[in-house]
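These notes are about the structure you will find just below.
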Amino acid sequence: NYSLTESQVKIVIDQIKEAAEEFESDILVTTSRRTSVRVENLLIRELKRYPRCPLLIIANRSQVPEAVGGILGLSDILVVSGDSVSMISEAASSGKDTIVFTVKKRKGIFLGPRKHDVFIENLNDEGYIVACDPLKVGRLIHDVAKHKVKTKTLNDRPILLDAVREIL
């Protein structure tokens, strides 16, 4: 139901590169198996030889099972596209500040809010992520790095343990 376009990714990558230069930071990137070839090629053009990007994994070309866990563990700030509920959940659960940029909805007859949108909106409202338009990613990276914005860690473990206790 969502489309991650080259233009959206280009906007975000430019801002991430700018922030990497400003804060003298590295960029660690992985795509998903659902990432389009066009977006993969854009990332390769923009980041493969970029000195501040020591890790670029194109999931459709090389399978690295530990990639996401490694990136989540090594990163201070996570920037995630808004098209994957599972990746948003993993990032929000990592204990790292998480920025989620919105992606375009595919055109269709359903005009109301989708579960996906409600999920992102709820996590944003509750402070687990900061959701934004792709044009605002750079500003948010800056604010997070300067400790003006902080996200909470999504932790459902206590809720699950209570539910299991009730069952037992």
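The values are calculated or read from the model by the stated rules, or taken from the named source; none is laboratory data. The structure displayed is predicted, hence computed values, not measured ones. As a convention, Cβ positions derive from the backbone with ideal geometry for all residues, glycine included, and neighbour counts pool all protein chains shown. Just so you know, the surface numbers come from the protein's heavy atoms only, side chains and all, with ligands and any DNA or RNA stripped out. Shrake-Rupley method; radii C 1.70, N 1.55, O 1.52, S 1.80 Å.
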Say the cut-off is 21 Å between C-alpha atoms; which of 17/105; 96/148; 48/105; 48/152; 96/146; 10/115 go over it? 17/105; 48/105; 48/152; 10/115
With +1 assigned to the C-beta of every Lys and Arg and -1 to the C-beta of every Asp and Glu, and no other charges, what is the dipole magnitude of the chain about the Cα centre in debye, to the nearest 20? 620 debye
Within a Gaussian network of the chain (alpha carbon springs, distance under 10 Å), most fluctuating of 95, 69, 127: 69
Give the relative contact order (percent, whole number) for the chain; include only Cα pairs under 8 Å separated by 6+ residues. 25 percent
Going out from 0 in 5 Å bins, what whole percent of all Cα-Cα distances in the chain drops into each bin? 1, 8, 16, 20, 21, 15, 9, 5, 2, 1, 0, 0
Mean projected area (nm²) of the alpha-carbon convex hull when the stretch 1-43 is viewed from all directions: 3.3 nm²
On the accessible surface of the chain, probed at 1.4 Å with all protein chains in place, carbon and sulfur together account for a percent value of 53 percent
Got a sec to turn the phi values of the stretch 131-145 into Karplus ³J(HN,Hα) couplings, 6.51 cos²θ - 1.76 cosθ + 1.60 with θ = phi - 60°, whole Hz, x for Gly and Pro? 9, 7, 5, x, 5, 9, 4, x, 4, 5, 4, 4, 5, 5, 4
I want the antiparallel fraction of DSSP beta bridges within the chain, as a percent rounded to 5. 15 percent
Between residue 119 and residue 44, what is the label-point separation in nm under the 7 Å Cα-to-beta-carbon projection? 3.0 nm
Could you quote the convex hull projected area for the stretch 42-99, Cα atoms only and averaged over all directions, in nm²? 4.5 nm²
Average accessible area per residue (Å²) across the stretch 1-93 - probe 1.4 Å, nucleic acids and ligands excluded: 56 Å²
Quick one: which residues, 5 or more positions from residue 79 or on another chain, have an amide H under 5 Å from its amide H? H modelled 1.01 Å from N in the peptide plane, none for Pro or chain starts. 99
